[in-house]
Amino acid sequence: MGWFPCSGTSKKKRKKKQSLDPVQSSSESIRSNPLFKTKEVIKNGGSDNLAAQTFTFRELAAATKNFRGDCLLGEGGFGRVYKGRLESSNQIVAIKQLDRNGLQGNREFLVEVLMLGLLHHPNLVNLIGYCADGDQRLLVYEYMPLGSLDDHLHDPSPGKKQLTWNTRMKIAAGAAKGLEYLHDKASPPVIYRDLKCSNILLGESYHPKLSDFGLAKLGPVGDNTHVSTRVMGTYGYCAPEYAMTGQLTLKSDVYSFGVVLLEIITGRKAIDNSKTGVEQNLVAWARPLFKDRRKFSQIADPGLQGQYPARGLYQALAVAAMCVQEQPNMRPVIADVVTALSYLASQKYDPESQPVQNSQWSPSTPPRSKRDNGKRSSGGGGSGSGSGSGSEKNHTKRYF
Ligand SMILES: Nc1ncnc2c1ncn2[C@@H]1O[C@H](COP(=O)(O)OP(=O)(O)OP(=O)(O)O)[C@@H](O)[C@H]1O
Ligand SMILES: [Mg+2]
């Protein structure tokens, strides 16, 4: 059907050794699976431009000035991520280099290339190409200039601007749309399995895109309600029934989305080892508070400095509470989450004309009166937001 000419139709036809390309041979099994189509592809007769280019290691080394330290954007379980400029097109890209000593390996590299070759949506990151030269494995993505949602919510670097309520709702709605595409537009559906703040990347104007599809799984078909897999994911985001039984459903992703939404609302981390007791686990901490409307202002991120709509907070919390329910069948489908969050994102909050809520101010973020609006101080990392002290990152611990 030719949906995934990942190695054969590089614009420059830069490589001719396709028969040695591990991606091409692995792509055959997914490509030839008649079940795996996205409805978009079906709609336009399969003529999407799905080409992922192949790159030589030399090209990517040149793009990153030999993987120079000052090009480093970050590091995850897969390896290091560098900012680079492709000489051929002058395009700025993010290049992820597989750490050969890392936990995640070739399999995730292949799944990432194959999935992103087939799946295209404004809220999914675009894979420009890959390199499978010898034992080198690199992925080349569009560069997302504002980094990850995790950086914005949890990076306590001084001078960092806090995300406003409106931006938070925009990010939540966009991320939900990306997930909706995976669940409802791909056939069979795709279970993402790695939804978390560090995998939501932000483009201009905080446009969110989901990234990292190395753990994605084709979902159940026919009468099946789940697929059985080895449990993988990130501690704190994993649905309890999946962690316990390995039975993966679309509702596992909805749970993870609920955790992300809670992080967006509270500014707290899913797991925060710098805290003690119930506060270490965001869902465990938030659950009792869901039941008492008077406590809602305690849930809101102090970094918001009270600048959120009370009703919007209540509604967003209601969505998050539904998503993180213990019983998977009680959680909403992602399409309903999209509807709710799109509505919330359309209700713009204006601190000039709407009340600023009483909130728990963190010591480093004194309450801002309406008058000093516009001269927004960064509020630092908002130590009271729970994001401050524990600087270690909750990287994907793939194996439980
Ligand atoms: N396309 C991109 N554009 C800009 N920055 C990126 C891009 N991809 C990744 N990054 C940066 O690199 C960092 C590391 O990303 P990576 O996906 O490797 O790890 P992670 O998601 O933080 O952890 P994990 O291994 O658990 O998935 C991100 O937090 C982000 O700041
Ligand atoms: Mg990631």
Quiz item: Got a sec? Which of Leu195, Leu179, Leu210 is in contact with a His (Cβ under 9 Å, 6 or more places away or on another chain) and within 16 Å of ligand 2 (Cβ to nearest atom)?
Solution: Leu210
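To keep it simple, each residue is scored yes or no on (1) in contact with a strand residue (DSSP E or B) (Cβ under 6 Å, 6 or more places away or on another chain); (2) modelled with pLDDT under 95; (3) not hydroxyl-bearing (Ser, Thr, Tyr).
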| site | (1), (2), (3) |
| --- | --- |
| Arg85 | yes, no, yes |
| Asn90 | no, no, yes |
| Arg100 | no, yes, yes |
| Pro122 | no, no, yes |
| Asp133 | no, yes, yes |
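Out of the helices (runs of 4 or more DSSP H) lying entirely within region 248-317, which hold 1 or more residues that are touching a helix residue (DSSP H, G or I) at 6+ places or on another chain (Cβ under 7 Å) and of a type in the set (Ser, Thr, Tyr)? Walk me through it before giving the result.
Working: elements: 250-266, 282-290, 296-299.
Qualifying helices (runs of 4 or more DSSP H): 250-266.
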Quiz item: Taking region 152-188, which residues are among the charged types (D, E, K, R) and either at pLDDT below 95 or over 22 Å from Ser205 (Cα atoms) (or both)?
Solution: Asp155, Lys160, Lys161, Asp184, Lys185
Practice problem: Kindly indicate which of Leu179, Leu210, Leu215, Leu201 is in contact with a Lys or Arg (Cβ under 8 Å, 6 or more places away or on another chain), closer than 23 Å to Thr339 by Cα and not charged (D, E, K, R). | Solution: Leu201
Quiz item: Are there any pairs, at least 6 apart or on different chains, whose C-beta atoms fall under 6 Å, with the first in region 230-241 and assigned by TED's automatic domain parsing to the domain that holds Asp194 and more than 15 Å from ligand 1 (Cβ to nearest atom) and the second in a helix (DSSP H, G or I) and not acidic (Asp, Glu), and if so, which?
Solution: Val231/Ala243; Ala239/Ser252; Ala239/Tyr255; Glu241/Pro328
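Going by what's in this entry, would Gly246 be described as surrounded by fewer than 19 Cβ atoms within 10 Å (Cβ to Cβ) and not assigned by TED's automatic domain parsing to the domain that holds Gly77? Talk me through it step by step, then tell me what you get.
Values: surrounded by fewer than 19 Cβ atoms within 10 Å (Cβ to Cβ): yes; not assigned by TED's automatic domain parsing to the domain that holds Gly77: yes.
Spelling it out, Gly246 is indeed surrounded by fewer than 19 Cβ atoms within 10 Å (Cβ to Cβ) and not assigned by TED's automatic domain parsing to the domain that holds Gly77.
If I filter region 184-211 down to residues being of a type in the set (Ser, Thr, Tyr) and touching a Gly at 6+ places or on another chain (Cβ under 9 Å), which single residue comes out as surrounded by the fewest Cβ atoms within 10 Å (Cβ to Cβ)?
Tyr206
For region 55-164, give me every one of the helices (runs of 4 or more DSSP H) that falls completely inside it and has 2 or more residues that are within 13 Å of ligand 2 (Cβ to nearest atom).
Result: 106-118, 149-154.
This table checks each residue for (1) within 16 Å of ligand 1 (Cβ to nearest atom); (2) of a type in the set (A, V, I, L, M).
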site: Val93; (1), (2): yes, yes
site: Lys96; (1), (2): yes, no
site: Pro122; (1), (2): yes, no
site: Met144; (1), (2): yes, yes
site: Asn166; (1), (2): no, no
site: Lys177; (1), (2): no, no
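Residue by residue, here is whether (1) farther than 19 Å from Leu261 by Cα; (2) surrounded by fewer than 24 Cβ atoms within 10 Å (Cβ to Cβ) holds:
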{"site": "His120", "(1), (2)": "yes, yes"}
{"site": "Leu139", "(1), (2)": "yes, no"}
{"site": "Pro156", "(1), (2)": "yes, yes"}
{"site": "Gln162", "(1), (2)": "no, no"}
{"site": "Asn166", "(1), (2)": "no, yes"}
{"site": "Leu182", "(1), (2)": "no, no"}
{"site": "Phe213", "(1), (2)": "yes, no"}
{"site": "Asn224", "(1), (2)": "yes, yes"}
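The values are calculated or read from the model by the stated rules, or taken from the named source; none is laboratory data. Since the model is a prediction, treat every value here as computed from it, not as a measurement. We place every Cβ from the backbone using ideal geometry, glycine too, and count neighbours over all the protein chains shown.
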